[in-house]
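Here is the structure we will look at, set down as structure tokens.
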């Protein structure tokens with residue numbers, strides 16, 4: 001019984017310590033204690049091939065990730081942590097070429113350029129491109145697969161951007 005009580009007290013101390021310093025969250029985010037806000041500017045679609053809903057979907061997903069996985073408040077501009085960027089590439093390319101020179105699979109790839117600014121720790125600032133893709137059967141119509149493909153790619157891109165910005169594993 002003493003052992004359980006001792007472990008419980010230790011666990012309570014750790015939780016209180018982590019909450020008090022606000023440098024660590026159980027999602028893995030490491031954010032300066034002074035940082036209270038985040039701003040995510042609407043991503044501009046500069047790709048030569050444009051999917052009309054992509055910029056808003058990506059922007060909303062990034063905002064949702066930071067709000068749901070941190071204690072930061074979302075502000076329109078000039079947050080303590082700032083994200084801005086562009087969609088620089090949206091392309092469909094054949095992969096898995098068959099013997100008759102047709103593609104068995106196609107790949108939808110999206111590349112974004114992200115600039116992250118941390119007003120309290122400029123060593124965490126970065127400007128980087130991220131690319132993610134999803135494959136689909138060439139027998140399927142892209143229009144019928146597009147929503148699911150965009151969801152998968154956006155999820156992966158958002159995870160990459162979030163991890164680079166605030167996760168220090």
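Each residue in region 122-162 was checked for being free of Cβ contacts under 8 Å to residues at least 24 places away in the same chain and farther than 19 Å from residue 88 by Cα, and 11 pass. The set of residues in region 74-127 being touching a helix residue (DSSP H, G or I) at 6+ places or on another chain (Cβ under 8 Å) and not in a strand (DSSP E or B) consists of 124 alone. Screening the candidates 71, 102, 53, 123 for the property of being closer than 22 Å to residue 150 by Cβ, modelled with pLDDT under 95 and surrounded by fewer than 16 Cβ atoms within 10 Å (Cβ to Cβ) yields one hit, 53. Condition check: touching a helix residue (DSSP H, G or I) at 6+ places or on another chain (Cβ under 8 Å) and either modelled with pLDDT of 95 or more or under 14 Å from residue 115 (Cβ atoms) (or both). Does residue 59 satisfy that? Judged against the criteria, residue 59 is not a match. Inspect region 20-33 for any residue being out of contact with any strand residue (DSSP E or B) (no Cβ under 7 Å at 6 or more places or on another chain), modelled with pLDDT under 70 and in a helix (DSSP H, G or I) and give the result as yes or no. Within region 20-33, one or more residues are out of contact with any strand residue (DSSP E or B) (no Cβ under 7 Å at 6 or more places or on another chain), modelled with pLDDT under 70 and in a helix (DSSP H, G or I). Select, from 93, 129, 109, 138, the only residue that is surrounded by fewer than 13 Cβ atoms within 10 Å (Cβ to Cβ) and over 20 Å from residue 66 (Cα atoms). It is 93.
The values are calculated or read from the model by the stated rules, or taken from the named source; none is laboratory data. Model, not experiment: these values are computed from the prediction. Backbone-built Cβ (ideal geometry, glycine too); neighbour counts: all protein chains shown.
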